[in-house]
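A.B. asks: One structure, pasted below without further comment.
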Amino acid sequence: MRVKLCALVAAATVLGATTPAAVAQQPTILKVAIVQQIDSLNPFLAVFQSSTEVNRLMYDYLTAYAAEDQRVTEGIASRWETSADKLTWTFTVPEGKRWSDGQPITAHDVAFTYTLMLTDEAARTANGSFVANFESVTATDDRTVVIRTKAPQVTMLALDIPIVPRHVWEEVTGVKDYANDRMPVVGSGPFVLTEHVAGQFIKLKANKDHWRGAPKYDELHFVYFQNSDAAVQALGKGEVDLVNRMAPAQFDSLAGRQGVTRNKAQGRRFTELLINPGAATRSGEPIGDGNPALRDVRVRRAIAQAVDMDALVSRVNLGYAERGAGLVPPVFAKWHWQPSEQERRRYDPAAANAALDAAGVARKADGTRLALRLMGRAGRAYDEQASEYLKRSLGEVGIALDVRLVSDNQLNEATTAGTYDLAFSGWATNVDPDFVLSLHTCGQRPGADGKGGTTDAYFCDETYDRLYARQLSEFDESKRIELVKQMQARFYDQVPAVVLAYDNALEAYRSDHVARFTTQPAQGGVIMAQNGVWGYYGAEPADRAATTATVSRTALVIGGVVLLGLVVVVVAVVARRRATVGERE
Amino acid sequence: MRLLGRLGGAALSLVMVAVLGFFLFRVVPGDPVVSMTRGRPTTAAMQAELRAQFGLDRPLLEQFWTYFTGLLRGELGTSFTFRRPVADVIAERLGPTLLLVGTGTLIAVLLGLWLGIRAAWKRDTAFDRVTTGVSLTLWAVPTFWLGMLLMMATGDLFPSRGMRDTDTAPDFLSQALDVGHHLVLPSLTLVAVVAAEYMLVMRSSLLEEMHAPYLTTARAKGLRDDLVRRRHAVPNAVLPAITLVFLRFGLVVGGAITTETVFSWPGLGLLFYDALTGPDYFLLQGLLVVTAGGVVVMNLLADLLHGVLDPRVKVV
């Protein structure tokens, strides 16, 4: 009797819980996995890549990069011109663009944003370098912004700064402490931020009145994963629609999975092997304890020659990369440089041995020439595998490697202090190559106190610096491209670092949920981490039956668990009563 | 009087933790400003501005004084990473941690003690051997691996991440059910890994009591075996387990770094992990004070409760 009663109660629980919630027209939702926290939603403070991506969706920039070929295209401004002396830039903000609260976007918003950065140091936290060369910014009328720079600056169409609404931000008293979480957050981008639960998720709604046209999805949800294995699993289960930053093995594990489409894209990142060429401060004072033998360019070239980069790409990157050469990855085809047949260094241990002999780094009695430290990041699969590989191939030319895999912080500390011989590093590059090129100028080395540097390769070369200065003020694009290529050739020749590989960006999505994405660039491009928001903006939901309410499935499972629990209790009670029946009598 | 002494001791421990924490985390390698700006176009001037904003350009002792006097006023400083007061950042993660680790620990304690008592009472039976064997195996299994395995084995029955879905209906019942649904796998992982500890402690302390003469007396009075165990043996054997339980509850606040990482549970463990990658000094210090506070308070409670549970302690 009792058993029956329990079963009834359980059944009622399940039935009650599984009644589907009354659902009208379900909004279409694109769910994206992110594996990095959101540090801040304040666009002046946010420095994490994930936050930058969300900010891009919320706020348009002055200009944008086209989806097809990453050319500069309309953003907030639709037209621009520069004065004959290249010191004055005039941008036109057309009529008809509106903030998500309906207010018109004017030139005053642009001037307000840039001026805030010029006057408030907290507002320079994330993107200050873009305005470092600004003299003044003024809105001469509602439609015209005039920017005067201290020196000619060719990167004026690549100002990656979110433009904020003046009518909201002029009431903000301290940018430093402003969380920018008054939902919905007024913005100009194709999506509007509506909810953020720290460490869990971010929700955005489509800005149906965006001047480019409404996005095709109604909502965009970013859900946070602390570990990428779980994110890949979630994609497999259909919990999320899109995942990026996958490791080669994870990417392979999704091959042939029904309903999942993989996207092997050309990435913006490259991996490099730093060879300490003699770390020094900005004023030339040596710092760190790099092996002095590495100051000789012949030794550095020999090391580069002893590394079989093709083998690294195929065995460590599992083929998901391209062999490295210059500092700009091939995804930015215009600026990408490849050595000519004469310039190319081929994998040749014999030649490397001979070069080391010629450089006077002779073999000792035990057969070694040099003992070098190789630093990498513990837990990063690439560093773990590639270091073993390098140990073997450099061993062949008499260089003994002491591999030290350390935490991210320790690695940063060693590279910024110059206390390494060889180290793995890597950078993400932008549409305009200025940033990655600037890293290797003499001025990027740290100051006398060892702080303030941004380089980790400690390259300081007069020829390179001269070319850098020239390209920065070369407004004829074809000439600038030529200069940028010359810089890369110089870097390749002097080898302060060997660019080992251009990593592919590995992404996958539920093709049963999403019909198509817009990649950037159109051919072989990425969906996430673009220089733009085309991936999300252009995403089209697949035609499928209305999503079943998640509640009912959840409730079903919970109901099941409750039922199971009750059965266990009933069985236990019955068994117990049987067991003690003798004693009770 | 004794209570005052204990309270004083607890307060002193907390102060020591606060002082130690400050200097301890300064030894962690890494420069918060470098971590923040890495990979972004940055100028030396911007780095210097950030350093000044965070007070990192001040002498170490001055930084300590600012931190310590702030702490006395109840201020934990501002997180470098999240750009918000540390107290706020910790507060929003405290709930999820208490929910997960609290639930997990509670189930583990009840299950562990129950299994321990059973196993001791029926020592050397198949039940004892299987329970002990399974518990030890689970205890030895890496949490990370077990969590991932559970996630794979359960297919799409349970969600793989976080505390709730983004598209759950906003009403209370749906939300509560959703959180419960998300809670299953992480708490199961936690229980599987820690229950063994209670089980083994309970088992061994009960075994020590098994041959005590007072149990024979109880049986001679004609008591059922169940009652002998419940009323006589267990109350005498439970003290070591209680101590352990309170120590564990003290650590609840600290979260469960690995479990939270596997299931992306937005708790304090995960926050600790993130803070270390900065290193985010103020956040680390705040977390240490909160975690240590939990342990100190629970220890104090265990001390006081011992007096209630065991009259012998009161006399001393």
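A.B. asks: Figure the gain on full extension for A:T88 and A:A354 (residue separation times 0.36 nm, minus the Cα-Cα span) and round it to one decimal in nm.
C.D. replies: Working: separation 266, 0.36 × 266 = 95.76 nm, distance 5.51 nm.
My answer for the length gained is 90.3 nm.
A.B. asks: Quick one: P(r) of the protein assembly as shown from all Cα-Cα pairs, 10 Å bins, percents rounded to integers, in order of increasing distance.
C.D. replies: Distribution as computed: 2, 10, 18, 22, 20, 14, 8, 5, 2, 1, 0, 0 percent.
A.B. asks: Spin-label point model (7 Å from Cα, Cβ direction): what's the B:M210 to B:V297 distance in nm?
C.D. replies: Simple spin-label model gives 4.0 nm for this pair.
A.B. asks: Using the Karplus curve 6.51 cos²θ - 1.76 cosθ + 1.60 with θ = phi - 60°, work out ³J(HN,Hα) for each residue of the range B:199-208 in order, rounded to whole Hz, and write x for Gly and Pro.
C.D. replies: Each residue's phi maps through the Karplus curve to give 4, 5, 5, 4, 4, 6, 6, 6, 4, 4 Hz.
A.B. asks: Suppose R0 equals 35 Å. What FRET efficiency, 1/(1 + (r/R0)^6) with r the Cβ-Cβ distance, do A:A214 and A:Q36 give to the nearest 0.05?
C.D. replies: On the way: r = 28 Å, r/R0 = 0.80.
Plugging the Cβ-Cβ distance into 1/(1 + (r/R0)^6) gives 0.80.
A.B. asks: Measure out, as a whole number of angstrom, how far apart the alpha-carbon centroids of the range A:292-332 and the range B:46-120 sit.
C.D. replies: That distance is 43 Å.
A.B. asks: At q = 0.11, 0.19, 0.24 Å⁻¹, what is the log10 ratio I(q)/I(0) for the range A:344-451, with the Debye formula run over Cα points and no solvent?
C.D. replies: Treating every Cα as an identical point scatterer, log10 I(q)/I(0) equals -0.49, -1.12, -1.21.
A.B. asks: Here's a follow-up. Pairs to check: A:K264/A:K479; A:K150/A:K485; A:K264/A:K334. Give those whose C-alpha atoms are more than 23 Å from each other in this structure.
C.D. replies: A:K264/A:K479; A:K150/A:K485
A.B. asks: How long is the gain from B:L247 to B:V141 if the chain were fully straight, where each residue apart is worth 0.36 nm and the alpha carbon distance is subtracted?
C.D. replies: Length gained between B:L247 and B:V141: 36.0 nm.
A.B. asks: Report the FRET efficiency, 1/(1 + (r/R0)^6), for A:N133 and A:A448, where r is their Cβ-Cβ distance and R0 is 22 Å, rounded to 0.05.
C.D. replies: That gives a FRET efficiency of 0.35.
A.B. asks: Can I ask one more? Which residues in the range A:189-210 place their backbone N less than 15 Å from a point set 7 Å from the Cα of A:A179 along the Cα-to-Cβ direction?
C.D. replies: Output list for this probe position: A:194-203.
A.B. asks: Ok, one more. Amide H of A:L405: which non-local residues (sequence gap of 5 or more, or other chain) have their own amide H closer than 5 Å, using H built in the peptide plane?
C.D. replies: Distant-sequence amide H within range of A:L405: A:G376.
A.B. asks: Right, next: Could you give the distance between the Cα centres of the range B:1-40 and the range A:370-444, to the whole Å?
C.D. replies: Cα centroid to Cα centroid, the span is 32 Å.
A.B. asks: Right, here's the next one. Estimate the FRET efficiency between A:Q523 and A:T368 by the formula 1/(1 + (r/R0)^6), using the beta-carbon distance for r and 60 Å for R0, to the nearest 0.05.
C.D. replies: Calculated transfer efficiency: 0.80.
A.B. asks: Per residue of B:150-157, how many C-beta atoms from partner chains lie within 10 Å of its own C-beta, taken as a mean?
C.D. replies: Numbers: counts 0, 5, 3, 0, 2, 3, 8, 6.
That average works out to 3.
A.B. asks: What distance in nm separates the two pseudo spin-label positions at A:S340 and A:A417, each 7 Å out from Cα along the beta-carbon direction?
C.D. replies: Those two pseudo-labels are separated by 4.5 nm.
A.B. asks: Say a paramagnetic label sat at a point 7 Å from the Cα of A:E95, along Cα to Cβ; which residues of the range A:127-170 have their backbone N under 19 Å from it?
C.D. replies: A:140-145
A.B. asks: I need the Debye-formula profile for chain B: one equal scatterer per C-alpha, no solvent, reported as log10 I(q)/I(0) at q = 0.07, 0.09 1/Å, two decimals.
C.D. replies: The computed values of log10 I(q)/I(0) come out as -0.39, -0.62.
A.B. asks: Another question about this same structure. For the range A:257-311, take N as its residue count and report Rg(C-alpha) divided by 2.2 N^0.38 Å.
C.D. replies: On the way: Rg = 18.9 Å, N = 55, 2.2 N^0.38 = 10.1 Å.
Its radius of gyration relative to the 2.2 N^0.38 Å reference: 1.87.
A.B. asks: How would the range A:404-531 be classified by its alpha-carbon gyration tensor: rounded, prolate or oblate, with rounded meaning a/c under 1.5 and the a/b versus b/c comparison settling the rest?
C.D. replies: It comes out oblate by the Cα gyration axes.
A.B. asks: How far apart, in nm, are the 7 Å Cα→Cβ label points at B:F127 and B:Q175?
C.D. replies: 4.3 nm
A.B. asks: When the helix-only estimate is applied to chain A (DSSP H runs of n ≥ 4, each -39,500 (n - 2.57), divided by the residue count), what is the mean residue ellipticity at 222 nm, nearest 500 deg cm²/dmol? All intermediate terms of the calculation are to be shown ahead of the outcome.
C.D. replies: Numbers: 17 runs with 183 residues, N = 585.
Theoretical 222 nm ellipticity from helices: -9500 deg cm²/dmol.
A.B. asks: For B:R161, list long-range residues whose amide hydrogen, built 1.01 Å from N in the peptide plane, is under 5 Å from its own amide hydrogen.
C.D. replies: When sequence neighbours closer than 5 places are left aside, there are no close amide H contacts.
A.B. asks: Mind putting a number on the dipole of the range A:147-191 about its Cα centre? Charges go on the C-beta only, +1 for Lys and Arg and -1 for Asp and Glu, and I need it in Debye to the nearest 20.
C.D. replies: 240 debye
A.B. asks: Through the Karplus equation 6.51 cos²θ - 1.76 cosθ + 1.60, θ set to phi - 60°, convert the phi angles of the range A:227-234 into ³J(HN,Hα) values in whole Hz; use x for Gly and Pro.
C.D. replies: Working through the residues one at a time gives 10, 6, 4, 5, 5, 5, 4, 4 Hz.
A.B. asks: Work out from phi, with θ = phi - 60° and the Karplus expression 6.51 cos²θ - 1.76 cosθ + 1.60, the ³J(HN,Hα) of each residue of the range B:269-284, listed in order in whole Hz, and give x for Gly and Pro.
C.D. replies: x, 5, 5, 4, 4, 5, 5, 5, 6, x, x, 9, 3, 5, 5, 4
A.B. asks: So which lysines pass the test for A:K237, namely a Cα distance under 17 Å, with those fewer than 8 places away in the same chain ruled out?
C.D. replies: Partners within reach: A:K31.
Computed from the coordinates by the stated procedures, all read-outs in this text should not be read as laboratory data. Predicted model only: the values in this text are computed from it and were never measured. Note that each Cβ is placed from the backbone with ideal geometry, even for glycine, and that neighbours are counted across all protein chains shown.
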